[in-house]
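First up is the structure itself, then whatever we jot down about it.
The values are calculated or read from the model by the stated rules, or taken from the named source; none is laboratory data. These figures come from a predicted structure and were not determined experimentally. No Cβ is skipped: glycine too gets one built from the backbone with ideal geometry, and neighbour counts run over all protein chains shown. With ligands, DNA and RNA removed, areas are computed over all heavy atoms of the protein, side chains included. Shrake-Rupley method; radii C 1.70, N 1.55, O 1.52, S 1.80 Å.
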Amino acid sequence: MSPLSKLAGISLALSLSILPAVGADEKSPDDALRAVVESENNFARAGAERGIRDSFLQFFADQSIIFAPEPKDGKKFYTEYKDKGRKLIWQPIFATVAKSGDIGLTTGPWEMRTSMTDNKSLGYGEFTTIWKKQRDNSWKVALDVGIQHDQPRDPPGEIQLLPPGDATTNVDLARSALEKAEKTFAEMLKEGAGSAITAAASNDIRVLRENSFPGVGKVAAKLMLSSDNAKVTREKAGGGMSAAGDLAYRYGTYSAERANVSERGYFFSVWKAEADQDWKILLDLQKKEPPPEKK
């Protein structure tokens, strides 16, 4: 985790286990999906019991990425992180996995408390995490990013598990189709962010924005983004795709123009291939670059 001053810009991850490695007996995508959720829950328990720094270091992959606030090396960040004894609690409320069982996605609410024994809250928000299956069959965090928002009015609902779809498994065709979808989406963003995201959205989309509760589902996303007419340009910095060619993620920087006001920040998006390589956005997160610190 990160200092309170960076809560809004830092990723609040979730992942891996203090229990024996899960994944060794996975025989189907459903098994892999359960393993991802189990790893998430194990990691959450580890964080609550042992603190932020130690648990995050154990559960992050060596090549992991966090946003603090810009994308950077997650393992290095937490190696240097000064744990102040705060308690971070979270739980997944949505999870999916690739048909190949090598990449998974989780997202859900987080809460930061002043200490391991004090229930006073310092902040609330939403995290989203990309998991990757390792050579030893365990699952570890490959990318983690979060947003901050007000205290939720209602408790989290039941977790939604989205199994893989029936997308074609030809990876070359999948990659070509995704590149085409991304190119079309990039052009649409330059005309208006809200309409572009809505047009490219999966029915299960989740939209995450700073200081707002998540927009869950295409109807909610459309309502949430209806007034966002910003002309946006995104520059990809990295990402990945499942071996099955049905789940992919992208992250990088963006610039936006709103009524002659310029804005810069960072984005993270997850694409899911639906029937016939029809790629749709499953999750879209965007957060402003924080103002420079005063000297």
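What a 1.4 Å probe finds exposed on the chain is 49% carbon and sulfur by accessible area, rounded to a whole percent.
Looking at the chain, I'd like the Rg to Rh ratio, where Rg is from alpha-carbon atoms and Rh is Kirkwood's inverse mean 1/r.
Numbers: Rg = 18.2 Å, Rh = 19.1 Å.
Using Cα coordinates only, the ratio equals 0.95.
Across all directions, the average flat footprint of the convex hull enclosing the Cα atoms of the stretch 186-275 is 6.2 nm².
Using a cut-off of 15 Å between beta-carbons, work out the net charge of the residues near Lys87 (Lys and Arg +1, Asp and Glu -1, Lys87 not included). Write out the running numbers ahead of the final one.
Values: positive: Arg45, Arg50, Arg53, Lys84, Arg86, Arg113, Lys120; negative: Glu49, Asp54, Asp83, Glu111, Asp118.
In short, +2.
By average Cβ neighbour count within 10 Å, what is the ranking of 279-288, 133-142, 156-165 from highest down?
With the highest mean Cβ count within 10 Å placed first, the list reads 279-288, 133-142, 156-165.
Only Cα pairs under 8 Å and 6+ residues apart enter the sum, and on that basis the relative contact order of the chain stands at 17 percent.
Only helices enter this figure: runs of n ≥ 4 DSSP H residues, each worth -39500 (n - 2.57), summed and divided by the residues of the chain, yield -7500 deg cm²/dmol at 222 nm to the nearest 500.
Distance between the modelled labels on Asp276 and Thr79, one decimal in nanometres: 5.0 nm (7 Å Cα→Cβ projection). Taken per residue, the accessible surface of the chain reaches 47 Å², heavy atoms only and a 1.4 Å probe.
Measuring r between the beta carbons of Ala220 and Lys190 and using R0 = 25 Å, the FRET efficiency lands at 0.55. One decimal place: the segment Lys120-Asn137 gains 2.3 nm when fully extended, by the rule 0.36 nm per residue minus the C-alpha distance.
Computed 3J(HN,Hα) for the stretch 225-240, one whole-Hz value per residue from the Karplus formula 6.51 cos²θ - 1.76 cosθ + 1.60 where θ = phi - 60°, is 9, 4, 9, 8, 9, 4, 8, 10, 10, 10, 10, 5, 10, x, x, x, glycine and proline marked x.
Once the Cβ-Cβ distance between Ala259 and Lys27 is put in as r, and R0 is 51 Å, what FRET efficiency do you end up with, to the nearest 0.05? Provide the component values of the computation, followed by the final result.
Working: r = 54 Å, r/R0 = 1.07.
Calculated transfer efficiency: 0.40.
With θ taken as phi - 60° and the Karplus curve 6.51 cos²θ - 1.76 cosθ + 1.60 applied, the whole-hertz 3J(HN,Hα) list for the stretch 49-60 is 8, 10, x, 6, 4, 5, 5, 5, 5, 6, 9, 8 Hz, x standing for glycine and proline.
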